[in-house]
């Protein structure tokens, strides 16, 4: 294949796309270079359908250590293994942006693989990968209603920056990723340092306008070299069958879908019963049909579409929700703290039948998580939030074990939403871990995790800046995409059959985290602004309920939490504190039971479960690292005698010199006439020079 290259500039950086050199057996392939960061994207579709009731799309984002000129730091494993959490999250961003642009009746497997080939340390590969995923699909024969594009938006010094560098992102007020089509926004991912909704909406609008250049660039390329799309066999609806299902099931569904007061179990049991009756009815009606099996499969799909249609119609025409709430009304809320004994902190948050139990653990600074990825050199992470979603939370039986992509994504969203309220290390030097156990789920468990975690942090006495809460917003469009209703606190059928899932977390003063997915083409910036304002109203209501349980962090840590004290020493003393082969510091740990962590700047963190251990460890450290000051007095031991004076050890490993003229107020002819080796003497510090040498006197304080 001929090698073809297209070039443009985006966000003041060169962007180029190459076809024909790398790959060739996938349905669509391209190499995207942004700055000197390079990503290869391959889009492939299976030749045959998979027997599933969903569109089988998967997105894999592959980080390669060679891309950054690195070899994995693990001693035993040098090859790439399972993807990092960061890679999984990047893959989810791409997935959520491209998924709405496929016909969801497709049953052929589709896989998009983004492989990072080079990383320049400046430009994040995720945005070029998102762009390349759309372009690979656009130029392939895979049916795809694109193009889509995305951009990262930051703000430094009041100025918006598109696709900011890592340094700029660290300084930015927020990190907003927005993606969509030429007309609509279909994906948002954001973290913010408590920023008002107005500013977040402005960033989203600016990002949408900015990536329109990438949409046009893709359209031009696809027009020149795009393949003809394959004609796939997808589910088509037999209108006679649709009417059969509708006439039989709709009256029953209306009663069951809109019957407030039912539990989640009763609700879905009722829907299951109607479905069984509908399937039996259709089977009887079509018992002589030669393709009965196909008709039954189609009935299954039509039944779900009828639920979708009924829910949409009732909400759009009558603002009638399945559980009887108003469109902006929250479910019943409840918050509690300190319900689990012998922990460092616990918070229980209930919103309807969604329940999150968040548990706090405080540990020594040395318990920070070490992180190494293709993008990140070995670094430490002191705040962690982990999200656990067991099968019993939705009344199912399933496998227990490590979290999947969904759990990683939900946990990361909650963690990102909580990070801005966590106190700085110099004010609270603990390693902090919160685990949110989802004990019951019926919509928005990730946002319940934010609420539960805020409660647990305050219950544990962590001096957070202010409590944070989160809410999930929904949206219902009519068939033309013109009329819509924004829903507060979606659950059940509104979540499953709705057109948008917008999660917004924050404090009373602004947004800290945000995530949006859609099932339609997308939404306008106007809808984004309205949804954010409606979400703020809900968030403030939730915070009021939380604050009735606990409004500020407890003044004291749990009696079961370790205590951490910090002491600053001269960095030159670090070697003396550690000792040869760690002999000195290990001796202190053994004698006191304390944990000791030392940083290069001379910060020493002492963690102890007992006051006695803390006191003893601090005393020993001070003795070893103490810097003598003029006027200090000591009972020392003579360790060396010279003609000009004597050296006196004033503390372990530290001595000073008493000049012959400073031994006595009387004239001393010979040092050895007055002082002997091993003699105990009382001395005062006369001075300390720039080299740290201590001058002593035996003639009294000066």
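The values are calculated or read from the model by the stated rules, or taken from the named source; none is laboratory data. Bear in mind that the values here come from a model prediction, so they are computed numbers and not experimental data. Cβ atoms come from the backbone with ideal geometry, glycine included; neighbour counts cover every protein chain shown.
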**OP:** Could you run through the range 662-699 and say how many residues are surrounded by 10 or more Cβ atoms within 10 Å (Cβ to Cβ), touching a strand residue (DSSP E or B) at 6+ places or on another chain (Cβ under 9 Å) and touching a residue at least 12 places away in the same chain (Cβ under 8 Å)?
**Re:** 23
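Pick out the one residue from 142, 88 that is buried (at least 17 other Cβ atoms within 10 Å of the Cβ) and under 24 Å from residue 234 (Cβ atoms).
Answer to the selection: 142.
Go through the range 1-69 and tell me which strands (runs of 3 or more DSSP E), entirely inside it, have 3 or more residues that are within 28 Å of the chain's Cα centre (by Cα).
Per the criteria, 28-34, 37-49, 57-62.
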Subject >> Residues that are buried (at least 16 other Cβ atoms within 10 Å of the Cβ) and either modelled with pLDDT under 90 or under 37 Å from the mean Cα position of the chain (by Cα) (or both), drawn from the range 271-281 >> reply: 271
Original post:
Restricting the search to the range 1-17, which residues are closer than 16 Å to residue 227 by Cα and surrounded by 14 or more Cβ atoms within 10 Å (Cβ to Cβ)?
Top reply: 4
Original post:
Just to be sure, is residue 583 surrounded by fewer than 16 Cβ atoms within 10 Å (Cβ to Cβ), in contact with a strand residue (DSSP E or B) (Cβ under 7 Å, 6 or more places away or on another chain) and assigned by TED's automatic domain parsing to the domain that holds residue 614?
Top reply: no
Original post:
Looking at the range 125-149, which of its residues are touching a helix residue (DSSP H, G or I) at 6+ places or on another chain (Cβ under 8 Å) and in a loop (DSSP other than H, G, I, E, B)?
Top reply: 125, 139, 144, 145, 146, 147, 148
Original post:
Given the conditions (1) out of contact with any strand residue (DSSP E or B) (no Cβ under 6 Å at 6 or more places or on another chain); (2) farther than 30 Å from residue 301 by Cβ; (3) outside any loop (DSSP other than H, G, I, E, B), and given that residue 75 satisfies all but one, which numbered condition is not satisfied?
Top reply: (3)
**OP:** Could you tell me which residue of the range 438-466 is farthest from the chain's Cα centre (by Cα), considering only residues that are surrounded by fewer than 24 Cβ atoms within 10 Å (Cβ to Cβ) and within 26 Å of residue 173 (Cβ to Cβ)?
**Re:** 463
**OP:** State yes or no: is residue 108 more than 30 Å from the chain's Cα centre (by Cα), crowded, with 19+ Cβ neighbours inside 10 Å and over 26 Å from residue 379 (Cα atoms)?
**Re:** yes
Original post:
What do you reckon, is residue 421 modelled with pLDDT of 90 or more, over 28 Å from residue 195 (Cα atoms) and in contact with a strand residue (DSSP E or B) (Cβ under 9 Å, 6 or more places away or on another chain)?
Top reply: no
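Tell me whether the range 534-547 contains one or more residues that are without any contact (Cβ under 8 Å) to a residue 12 or more places away in the chain and farther than 28 Å from residue 380 by Cβ.
Yes, some residue in the range 534-547 is without any contact (Cβ under 8 Å) to a residue 12 or more places away in the chain and farther than 28 Å from residue 380 by Cβ.
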Subject >> Residue check, residue 248 closer than 20 Å to residue 494 by Cβ, out of contact with any strand residue (DSSP E or B) (no Cβ under 9 Å at 6 or more places or on another chain) and surrounded by 15 or more Cβ atoms within 10 Å (Cβ to Cβ) >> reply: no
**OP:** List every residue pair whose Cβ atoms sit under 7 Å apart, with the two residues 6 or more apart in sequence or on different chains, where the first one lies in the range 240-269 and is under 29 Å from residue 332 (Cα atoms) and the second, anywhere, is exposed (fewer than 14 other Cβ atoms within 10 Å of the Cβ).
**Re:** 260/324; 265/395
Subject >> Enumerated strands (runs of 3 or more DSSP E) restricted to the range 603-702, each holding at least 2 residues that are farther than 30 Å from residue 585 by Cβ >> reply: 645-651, 654-659, 680-688
Original post:
Is it the case that residue 122 is at pLDDT 95 or above, in the same structural domain as residue 18 (by TED's automatic domain parsing) and touching a helix residue (DSSP H, G or I) at 6+ places or on another chain (Cβ under 8 Å)?
Top reply: no
Original post:
Which of (1) touching a strand residue (DSSP E or B) at 6+ places or on another chain (Cβ under 6 Å); (2) at pLDDT 95 or above is the odd one out, the single condition residue 101 does not satisfy?
Top reply: (1)
Original post:
Can residue 231 be described as outside the structural domain of residue 44 (by TED's automatic domain parsing) and more than 30 Å from residue 109 (Cα to Cα)?
Top reply: no
Original post:
Between a first residue in the range 415-433 that is within 12 Å of residue 464 (Cβ to Cβ) and a second residue that is modelled with pLDDT under 95 and surrounded by fewer than 23 Cβ atoms within 10 Å (Cβ to Cβ), which pairs have beta carbons less than 7 Å apart while being 6 or more apart in sequence or on different chains?
Top reply: 432/382
**OP:** Take the residues in the range 471-488 that are outside any strand (DSSP E or B) and in contact with a strand residue (DSSP E or B) (Cβ under 8 Å, 6 or more places away or on another chain), then tell me which one is nearest to residue 520 (Cα to Cα).
**Re:** 478
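May I ask you to say which residue of 481, 522, 470 is under 25 Å from the mean Cα position of the chain (by Cα), in contact (Cβ under 8 Å) with a residue 40 or more places away in the chain and farther than 25 Å from residue 264 by Cα?
The unique qualifying residue is 522.
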Original post:
Any idea which of 214, 232 is touching a residue at least 24 places away in the same chain (Cβ under 8 Å), in contact with a strand residue (DSSP E or B) (Cβ under 8 Å, 6 or more places away or on another chain) and outside any helix (DSSP H, G or I)?
Top reply: 232
Original post:
Of the residues that sit in the range 22-54 and are closer than 30 Å to residue 10 by Cβ and modelled with pLDDT under 90, which one is surrounded by the fewest Cβ atoms within 10 Å (Cβ to Cβ)?
Top reply: 24
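Yes or no, residue by residue, for (1) surrounded by fewer than 19 Cβ atoms within 10 Å (Cβ to Cβ); (2) at pLDDT 95 or above:
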site: 329; (1), (2): yes, yes
site: 365; (1), (2): no, no
site: 377; (1), (2): yes, no
site: 397; (1), (2): yes, no
site: 407; (1), (2): yes, no
site: 411; (1), (2): no, no
site: 432; (1), (2): no, yes
site: 436; (1), (2): no, yes
**OP:** Taking the options 170, 192, 206, name whichever one is under 16 Å from the mean Cα position of the chain (by Cα) and either in a helix (DSSP H, G or I) or farther than 26 Å from residue 375 by Cβ (or both).
**Re:** 170
